[in-house]
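See below for the structure under consideration.
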Amino acid sequence: MTQFWRIRTVMKRLNRTLRSRLSIALFGLAAAAVLALSDPLRAALPTLDDIAFRVYRDGTPLGHHKIAFRRDDRDLHVNIDIRLEVKLVFLTVFRYHHQNHEIWRDGRLVAIETKTDDDGESYWLRGRATEEGLAVEGSSGRFVAPADVMPSSYWNPKTVEKTRLLDTQHGRLIQVEIAPAGLERVGLAGRAVEARRYSMTGDLTLDLWYTAQGEWAKTSFEARGAEVTYARQGQGPALAEFEGPTRER
């Protein structure tokens, strides 16, 4: 009988320990869910895998547009690299290179640095969050943008909710109207998916496609009389750290 009571006592202790650990585990899962819901970007985006587009001009390869994501505690770092070239036989007749480093915190843009070489024309932009809003300086001068301003980098599906965007090349606020234009089947990293098309007009004219999960699937616009199309590729390689723009006055 003594042995039976000892076994019973041990079992009770094990049950209490298991219940305690189960409670801790469930609490941890609940806390993780709350944290995920409290981060608007995490809620909007199912994954933060790198994005790679192949860019075409009237069906001819033009270059790439790559986006790399990196988490650093509360901050989300976004590195963007766009390289485009138009060649005539062996001669490069047009070259475009844009680099952008964004830092997001709690669903808002808190820092941005860009530099652009638009066929020999140089532009730069720098922005930092302040109590008044996002303080911006760059090639187009200085101003304070709204705290919830969205940059014209398009990877964030909340872009389609905005009527003003921060032009990441020229460093200015632009006015746009964005309207849904129906569902379409588009190619996404080797598979066909359904995506909603949005038409942007105003200071910028282009079409954007996002899946129901918020993935940026495609882009199309006209430039210099030609149709430029973004075709989504598989997961791209991480980009090197962006050192920031060379400031030009």
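Does Leu166 qualify as being in the same structural domain as Glu102 (by TED's automatic domain parsing), closer than 20 Å to Leu84 by Cα and of a type in the set (A, V, I, L, M)?
Against the criterion (in the same structural domain as Glu102 (by TED's automatic domain parsing), closer than 20 Å to Leu84 by Cα and of a type in the set (A, V, I, L, M)), Leu166 does not qualify.
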Exercise for the section: Pairs only if they're at least six apart or on different chains, beta carbon under 9 angstrom, first in segment 141-154 and within 12 Å of Val176 (Cβ to Cβ), second polar (S, T, N, Q); list them, first residue then second. Expected result: Met150/Asn156; Met150/Thr159; Ser152/Thr159; Ser152/Thr168; Ser152/Gln169; Tyr154/Thr219
Completion exercise
Pairs returned, first residue in segment 110-135 that is basic (Lys, Arg), second residue that is not in a strand (DSSP E or B), beta-carbon separation under 8 angstrom, 6 or more apart or interchain, are Lys115/Gly244; Lys115/Pro245; Lys115/Thr246; Arg126/Gly244; Arg126/Pro245; Arg126/Arg247
Exercise for the section: Look at Val93 and say whether it is free of Cβ contacts under 8 Å to residues at least 12 places away in the same chain, assigned to a strand (DSSP E or B), more than 17 Å from His170 (Cα to Cα) and among the aliphatic types (A, V, I, L, M). Expected result: yes
Exercise for the section: Look at segment 95-131 and say how many of its residues are surrounded by fewer than 16 Cβ atoms within 10 Å (Cβ to Cβ) and small (Gly, Ala, Ser). Expected result: 2
Exercise for the section: Give the residues of segment 51-69 that are at pLDDT below 95 and either over 16 Å from Thr229 (Cβ atoms) or outside any strand (DSSP E or B) (or both), sorted by residue number. Expected result: Asp58, Gly59
Completion exercise
Considering segment 196-216, residues that are modelled with pLDDT under 95 and of a type in the set (Gly, Ala, Ser), and then whichever is farthest from Pro157 (Cα to Cα), we arrive at Ala212
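The values are calculated or read from the model by the stated rules, or taken from the named source; none is laboratory data. None of the values given here were measured: they were computed from a predicted structure. Virtual Cβ from ideal backbone geometry, glycine too; neighbours counted across all protein chains shown.
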